[in-house]
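Report on the following structure.
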Amino acid sequence: MSRVITRQKIISDSGALFEQKGYLNVTIPEIEKATGKTKAVLYGYFENRQSLANAVLEHNLTQKRAQILRQAALQPDQIRKLGVHIDLHDPEKKSLIVVGNSLPNAVETIHAYEEMKRIAADALIIWHQDIVELINGGIKTGEFTIKSEPEELAWLLISLVEGALLISQTTQNAKLGWQLLNQAKREFLQHLTLSNQAI
């Protein structure tokens, strides 16, 4: 197995651990258990624990975006594509939960490491751009018109989704998360004038 493949496997194998425990809280023994690699081997691929945490955060956020884009591509119109950005975060649908919740990760790293803050911020900006593209696409195809700027509406959607997730995770209440995401969908739709079927 090449060094590149081994390094990526370490990142993938420890991805869920960092999401569950928090990027600043995972210990080397926990990483050793998750990856099946000793500390000496891990440090042969990463400068230190924080270097691995940075790589895992970037990996998880990339996986989140890839899952959303894959599911959105299966939808017949922009309205339903936008709906994917909400539905894939439903904490009650275990098979749909995506890793890499950008806002909680960003909040955790605010007082920590500049590189982690940059990674989380970049992920939010890219997600925002993806949503803006869908909104502009829906306007262009005549599916809906909007009452505000696409950029503002995209940030609203992100804040509603991530706010629902943050509350759900903090209270450990998946049902509440589902309810808040449904409210987020209704709130978002209030800013659209639909010409076709709603989300």
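The values are calculated or read from the model by the stated rules, or taken from the named source; none is laboratory data. In this text, all values refer to a predicted model and were calculated from it rather than measured experimentally. Neighbour counts are summed over all protein chains in view; Cβ atoms, including those assigned to glycine, are modelled from backbone coordinates with ideal geometry.
Just one residue in the set Y23, Y45 is over 28 Å from Q169 (Cβ atoms) and hydroxyl-bearing (S, T, Y); that residue is Y45. So, K37, is that one of a type in the set (D, E, K, R) and crowded, with 19+ Cβ neighbours inside 10 Å or not? Judged against the criteria, K37 is a match.
Across the stretch 125-152, the number of residues qualifying as within 20 Å of E187 (Cα to Cα) and either among the hydroxyl-bearing types (S, T, Y) or in contact with a Cys (Cβ under 8 Å, 6 or more places away or on another chain) (or both) comes to 2.
Given the options K117, K185, name the one that is part of a helix (DSSP H, G or I), within 26 Å of G22 (Cβ to Cβ) and at pLDDT below 95. Result: K117 is the single residue among K117, K185 that is part of a helix (DSSP H, G or I), within 26 Å of G22 (Cβ to Cβ) and at pLDDT below 95.
Just so you know, in the stretch 1-34 the residues that are in contact with a Ser or Thr (Cβ under 6 Å, 6 or more places away or on another chain) and closer than 21 Å to A120 by Cα include one that is surrounded by the fewest Cβ atoms within 10 Å (Cβ to Cβ), and it is D13.
Please tell me if V132 is at pLDDT below 90 and surrounded by fewer than 19 Cβ atoms within 10 Å (Cβ to Cβ). Spelling it out, it is not the case that V132 is at pLDDT below 90 and surrounded by fewer than 19 Cβ atoms within 10 Å (Cβ to Cβ). Any idea which residue in the stretch 135-163 is nearest to I79 (Cα to Cα), counting only those that are in contact with a Pro (Cβ under 9 Å, 6 or more places away or on another chain) and aliphatic (A, V, I, L, M)? Step by step, filter the stretch 135-163, then rank; the result is I135. Within the stretch 135-148, being over 23 Å from T62 (Cβ atoms), under 25 Å from the mean Cα position of the chain (by Cα) and buried (at least 16 other Cβ atoms within 10 Å of the Cβ) holds for one residue alone: G138. Of all residues in the stretch 36-57, those satisfying the criterion of being within 23 Å of the chain's Cα centre (by Cα) and either modelled with pLDDT of 95 or more or within 15 Å of K117 (Cα to Cα) (or both) are Q50, S51, L52, A53, N54, A55, V56, L57.
List every residue pair whose Cβ atoms lie under 7 Å apart, where the two residues are 6 or more positions apart in sequence or sit on different chains, the first residue falls within the stretch 112-139 and is under 15 Å from I68 (Cβ atoms), and the second residue, located anywhere, is assigned to a helix (DSSP H, G or I) and of a type in the set (D, E, K, R). Pairs found: I126/R65; W127/R65; V132/E151; L134/K81.
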